[in-house]
Each structure stands twice: as structure tokens, then as C-alpha cells.
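Visitor: Can you keep this structure in mind? I'll have questions shortly.
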Amino acid sequence: MEFFIDTANLSDITKAQELGVLDGVTTNPSLMAKEGITGSSKILSHYKEICAIVNGPVSAEVIGTKYDDMISEGKILADLDEKIVVKLPMTSDGVRAVRYFSDQRIKTNCTLIFSAGQALLAAKAGATYVSPFIGRLDDISVSGLDLISEIRLIYDNYMFNTKILAASVRNSAHILGCAKIGADVMTSPLSAITSLLNHPLTTSGLDQFLKDHLQAKNVAAQPV
Ligand code: E4P
């Protein structure tokens with residue numbers, strides 16, 4: 001399973017890249033706003049900065065909601081860097097735009113997926129990625145991981161090339177659940193990725209190793 005980081009924060013992207021496990025980045029207008037990135041020139045240069053850090057796909061979301069606006073915005077984003085994936089919402093205009101960019105061989109990420117039917121439609125339109133939001137489904141007491149399973153079954157039935165990019169991933173249990181089901185990619189904040197590092201037995205085991213090492217060193221250093 002590929003690991004994407006879901007942020008527009010350059011420091012977090014750099015940390016994940018340095019950890020050596022990062023395959024790509026996803027952003028959305030809320031994440032860009034959180035970093036204070038507004039106005040088209042600032043937005044475009046921020047995407048360029050992200051592309052310079054990461055060696056993989058970078059999802060950049062259009063703001064326009066009308067087909068023509070999505071096309072013109074998506075073209076500008078795609079021209080920025082070959083790593084850019086044009087992120088489009090699951091609406092009628094968004095699906096039409098997915099088909100347009102797919103026909104142009106430009107990568108797309110169809111976002112705000114909350115049902116298997118939406119994921120099927122995005123795959124039919126030729127989306128490179130679909131982003132089912134599992135955390136937001138869990139928030140309304142619907143199993144997000146069950147949706148990932150359903151999409152996996154449907155895509156495997158018909159050998160769709162569209163990759164399942166599990167989004168709105170909030171914790172390590174989500175990441176493991178996605179990996180068990182066979183999501184192609186998961187995107188999460190840095191905290192969910194680094195939480196995979198932690199286990200109390202690792203911490204106590206390492207403490208003991210270091211204590212034993214120091215004790216043996218002190219014994220060896222004592223005069224006979
Ligand atoms: C997906 O691409 C979105 O950016 C993201 O995963 C949404 O996550 P949230 O529900 O935690 O905001």
C-alpha cells in the first residue's frame with residue numbers, strides 16, 4: 001500500500017519524506033487555507049514547493065464547480081509539474097472533467113466519495129484515483145472501511161485500473177484496516193503515519209538494551 005500525506009504543511013511533508021516512507025501528497029482547499037495559502041499565484045507556487053519535496057504524485061484540487069472552470073483550472077495545475085494529479089469533486093461536472101482529463105492522459109483524483117456507486121462512476125469516467133473518505137463516514141456511524149471493501153470488490157470484479165486512495169484516514173487502526181482490505185493507497189496526516197512507530201514493548205526493550213550495555217561498560221571499566 002502506498003503512503004500519501006494529507007497536508008499542505010511543508011514541514012510535515014519534509015518530515016514524512018525524510019522518514020523514507022512517503023509515496024505522494026494530497027491536499028484540499030481546507031488544508032491550503034489552514035496554511036494561509038490563498039490567491040492563485042500563492043496557491044500555484046505552494047504546489048511547486050510541494051512538488052520539489054516529494055518524489056511522487058501531488059493531488060491539487062480545483063476550486064471551480066462548473067465544468068469549464070474545472071477544465072481551465074485543471075490545465076493550469078497540470079502544467080505546473082508532471083507530479084500534479086488534478087483533484088475533482090464527485091459531481092456531474094466533476095465526473096465530466098475526470099473524463100476530459102483522462103482522455104488527455106492527465107492524472108485525476110475524484111474526491112468526496114462516500115458510496116460504492118460514486119466510486120463505480122468515477123472509475124467508468126477513467127479516474128486515476130478515487131478518494132473514499134473513511135473518517136467522515138465513521139463520524140456519522142457508517143463504516144468507512146466497509147466502503148473500501150465494497151469498492152475493492154467492484155474494482156476487482158471488472159479489473160478497473162482506478163486506484164483506491166483511502167482518504168480521511170485519522171489513525172493507525174484506519175491505516176491497518178486499509179492495508180488488510182487491499183486499498184492501493186492511503187492518505188493521512190503525519191501523526192497517523194508516525195503513530196505506527198509506537199509500541200510500549202519497543203520502548204521498554206530499547207531502554208533495557210541501553211541499560212545493560214552501560215552496566216557492562218561500567219563493569220569493564222572498573223580496576224581489578
Ligand atoms: C482527501 O483527499 C482529503 O483531503 C482528506 O483526506 C479529508 O480528510 P478529513 O476528513 O480528515 O478532513
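Just so it is clear, none of the values below were taken in a lab; they were calculated from the coordinates. Because the structure is a prediction, the values reported are computed rather than measured. Every residue, glycine among them, receives a Cβ derived from its backbone with ideal geometry; neighbour counts consider all protein chains shown.
Visitor: I need the shape label for the range 154-218. Rule: rounded when a/c is under 1.5, else prolate if a/b > b/c, else oblate, with a, b, c from the alpha carbon gyration tensor.
Guide: Taking the square roots of the gyration eigenvalues as a ≥ b ≥ c, the range 154-218 is prolate.
Visitor: Across the range 95-106, in residue order, what do the Karplus-derived ³J(HN,Hα) couplings come to in whole Hz, using 6.51 cos²θ - 1.76 cosθ + 1.60 with θ = phi - 60° and x for Gly and Pro?
Guide: 3J(HN,Hα) across the range 95-106, in whole Hz: 5, 4, 5, 4, 4, 4, 5, 4, 5, 8, 6, 9.
Visitor: For the range 71-88, what does the Karplus curve 6.51 cos²θ - 1.76 cosθ + 1.60, with θ = phi - 60°, yield as ³J(HN,Hα) per residue in whole Hz, taken in order and with x for Gly and Pro?
Guide: Per residue, the Karplus-derived 3J(HN,Hα) values read 5, 5, 5, x, 5, 5, 5, 5, 6, 5, 6, 5, 7, 5, 10, 7, 9, 10 Hz.
Visitor: For the range 2-198, what is the relative contact order in percent, using Cα pairs closer than 8 Å and at least 6 residues apart in sequence?
Guide: Working: 371 pairs, mean separation 33.9, N = 197.
Relative contact order here is 17 percent.
Visitor: Could you please state, rounded to a whole Å, how far the C-alpha centre of the range 160-194 is from the C-alpha centre of the range 105-148?
Guide: Taking the Cα centre of the range 105-148 as reference, the centre of the range 160-194 is 12 Å away.
Visitor: List every residue whose amide H lies under 5 Å from the amide H of THR26, counting only residues 5 or more places away in sequence or on a different chain, with H placed 1.01 Å from N in the peptide plane.
Guide: Here the answer is ILE5, ASP6, THR7, SER59, since their amide H atoms fall under 5 Å of that of THR26.
Visitor: Given the rule -39500 (n - 2.57) for each run of at least 4 DSSP H residues, summed and divided by the residues of the chain, what is its mean residue ellipticity at 222 nm, to the nearest 500 deg cm²/dmol?
Guide: Result for the chain: -16500 deg cm²/dmol, rounded to the nearest 500.
Visitor: Next question. For each of VAL224, VAL85, VAL62, count neighbouring Cβ atoms within 10 Å of the residue's Cβ, then give the residues from fewest to most.
Guide: Ordered by Cβ neighbours within 10 Å, fewest first: VAL224, VAL62, VAL85.
Visitor: Still on this structure: Measuring from a point 7 Å past the Cα of ASP103 along Cα-to-C-beta, which residues in the range 65-92 have an amide N at less than 14 Å?
Guide: Those under the cut-off are 68, 71.
Visitor: Here's another thing I want to ask about it. Between the alpha-carbon centers of the range 9-36 and the range 198-224, tell me the distance in whole angstrom.
Guide: 37
Visitor: Let me know the shape class of the range 6-69, please: from the alpha-carbon gyration tensor, a ≥ b ≥ c as square roots of the eigenvalues, rounded when a/c is under 1.5, otherwise prolate if a/b is greater than b/c, or oblate.
Guide: Numbers: a/c = 2.26, a/b = 1.79, b/c = 1.26.
Judged from the Cα gyration tensor, the range 6-69 comes out prolate (a/c at least 1.5, a/b above b/c).
Visitor: Once a ≥ b ≥ c are taken as the square roots of the eigenvalues of the Cα gyration tensor of the range 2-198, is the result rounded (a/c under 1.5), prolate (a/b larger than b/c) or oblate (a/b not larger than b/c)?
Guide: It comes out oblate by the Cα gyration axes.
Visitor: Let me ask something additional. Nothing charged except the Cβ atoms of Lys and Arg (+1) and of Asp and Glu (-1): what's the magnitude of the dipole of the chain about its Cα centre? Round to the nearest 20 debye.
Guide: Values: 20 positive and 24 negative charges, 15 e Å.
For this selection, approximately 80 debye.
Visitor: Which entries of LYS15/LYS163; LYS107/LYS180; LYS87/LYS124; LYS34/LYS66; LYS83/LYS107 show an alpha-carbon separation above 19 angstrom in the structure shown?
Guide: Distance filter (> 19 Å) returns LYS15/LYS163; LYS107/LYS180; LYS34/LYS66.
Visitor: Amide H to amide H under 5 Å from ILE113: which residues, 5+ apart in sequence or cross-chain, H placed 1.01 Å off N in plane?
Guide: Under 5 Å from the amide H of ILE113: SER131, PHE133.
Visitor: Quick one: which residues, 5 or more positions from LYS87 or on another chain, have an amide H under 5 Å from its amide H? H modelled 1.01 Å from N in the peptide plane, none for Pro or chain starts.
Guide: The list, which skips near neighbours in sequence, is ALA60, GLU61, VAL62, ASN109.
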